[in-house]
Amino acid sequence: MGNKALLDCLACRQCKKLKKCIINDEVNEFIEKAKKADAFVFGSPVYFAYPSARLLTFMDRAFYAYREAFMYKSATAVLSARRAGTTTSFDVINKYFTVASMLVISSTYWNHVYGG
């Protein structure tokens with residue numbers, strides 16, 4: 001995602017006509033790459049029992065602007081936390097995958113790591 005500022009979705013719905021977001025930033029660059037990708041790994045630190053706001057802003061805009069870039073492709077989420085919130089965060093990210101008709105890559109256990 002890079003480290004440049006990301007704007008939230010403006011709910012203008014122009015992306016439905018343009019097949020890209022009207023805010024020209026990393027999200028549109030990612031959508032172009034997503035069209036060619038076979039699978040995705042989305043990772044996030046866990047802040048206050050939720051994925052980072054930056055990741056959710058990014059995913060909101062990318063998945064809403066061009067859902068077709070993700071459909072029927074594989075995806076998984078990986079979370080890193082100090083103590084708690086990984087299960088909730090995992091659920092939130094997986095919802096993007098299922099709403100976009102993606103194949104969720106499972107594991108023999110949760111895709112979480114913990115550290116101090």
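Annotations
- Derived scalar couplings ³J(HN,Hα) [segment 22-32; Karplus, 6.51 cos²θ - 1.76 cosθ + 1.60; whole Hz; x for Gly, Pro]: 6, 7, 8, 8, 4, 4, 5, 4, 5, 4, 4
- When the pairs Lys17/Lys95; Lys36/Lys73; Lys20/Lys73 are compared against a 22 Å limit on Cα-Cα distance, Lys17/Lys95 fall above it.
- Sparse-neighbour loop sites [chymotrypsin sites (Phe, Trp or Tyr not before Pro); segment 25-67; at most 11 other C-beta within 10 Å; DSSP]: Phe48
- Angle between the chain longest axis and helix 53-65 axis [Cα atoms, degrees, rounded to 10]: 40 degrees
- Cα lying deepest toward the dipole's positive end in segment 9-50, options Ile31, Phe48, Leu18, charges on Cβ: Leu18
- Solvent-accessible surface of the chain, taken per residue with a 1.4 Å probe and all protein chains present: 62 Å².
- Within straight-line reach of Lys4, meaning a Cα separation under 20 Å, sit the following aspartates and glutamates at least 8 residues removed in sequence or on another chain: Asp25, Glu26, Glu29, Glu32, Asp60.
- Here segment 1-93 is assigned +1 on the Cβ of each Lys and Arg and -1 on the Cβ of each Asp and Glu. Its dipole about the Cα centre then comes out at about 180 debye.
- Principal-axis tilt of helix 86-99 within the chain, Cα atoms, nearest 10 degrees: 30 degrees
- Relative frequency of Cα-Cα separations exceeding 23 Å in segment 19-115, percent: 24 percent
- Counted over the chain, the DSSP beta bridges are approximately 15% antiparallel.
- Between the beta carbons of Asp38 and Cys9, assuming R0 = 30 Å, the FRET efficiency works out to 0.70 to the nearest 0.05.
The values are calculated or read from the model by the stated rules, or taken from the named source; none is laboratory data. Everything quoted here is computed from the prediction, not taken from an experiment. Cβ sites come from the backbone with ideal geometry, for glycine too, and all protein chains shown count toward neighbours. These accessible areas exclude ligands, DNA and RNA; they are computed on the full protein's heavy atoms, side chains included. Shrake-Rupley method; radii C 1.70, N 1.55, O 1.52, S 1.80 Å.
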